[in-house]
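Here's the structure, in structure tokens; my notes come after.
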Amino acid sequence: MSDTTRALIFSYSDCMHYFAGTTQEPQGNSSDVNFLKDGNGKLQKFPSLYRAKVALINLDFTQGWLVMHSPYDEMIGNEPAQKAELFMPLSRDPSV
């Protein structure tokens with residue numbers, strides 16, 4: 001892992017799971033992501049934000065970004081919504 005590698009967790013509106021991955025892109029960009037995959041090569045789904053954080057902690061990340069996507073603006077005819085990217089420390093302590 002290089003110093004420029006960022007850990008990302010993706011949240012989608014009305015979705016019951018999270019995805020996690022890494023990117024070399026600067027903050028605010030997340031179009032080129034290496035998503036975490038299971039043993040069968042499928043995208044790994046996490047049932048909670050905490051579980052996604054633990055997966056990234058196990059890869060030695062101490063910080064990451066939560067990337068939130070919502071289709072609602074597009075659904076009502078507005079321009080595509082801006083995705084929000086929120087910094088978060090990664091810790092095994094669920095209160096962090």
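The values are calculated or read from the model by the stated rules, or taken from the named source; none is laboratory data. Computed from a predicted structure; not experimentally measured. Don't worry about glycine lacking a Cβ; one is built from the backbone with ideal geometry, like all the others, and counts go over all protein chains shown.
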Residue 13 fails exactly one of (1) within 26 Å of residue 93 (Cβ to Cβ); (2) touching a residue at least 24 places away in the same chain (Cβ under 8 Å), namely (1)
key: residue 87 at pLDDT below 95, surrounded by 16 or more Cβ atoms within 10 Å (Cβ to Cβ), part of a strand (DSSP E or B) and not β-branched (Val, Ile, Thr)   = no
So, first residue under 17 Å from residue 33 (Cβ atoms) in the stretch 49-73, second residue assigned to a helix (DSSP H, G or I) and at pLDDT 90 or above, Cβ within less than 6 Å, six or more apart or across chains; the pairs are 64/56
Just one listed residue, out of 77, 41, is at pLDDT 90 or above and in a loop (DSSP other than H, G, I, E, B), and it is 41
Residues of the stretch 24-53 being hydroxyl-bearing (Ser, Thr, Tyr) and touching a Ser or Thr at 6+ places or on another chain (Cβ under 9 Å), in sequence order, are 30, 31
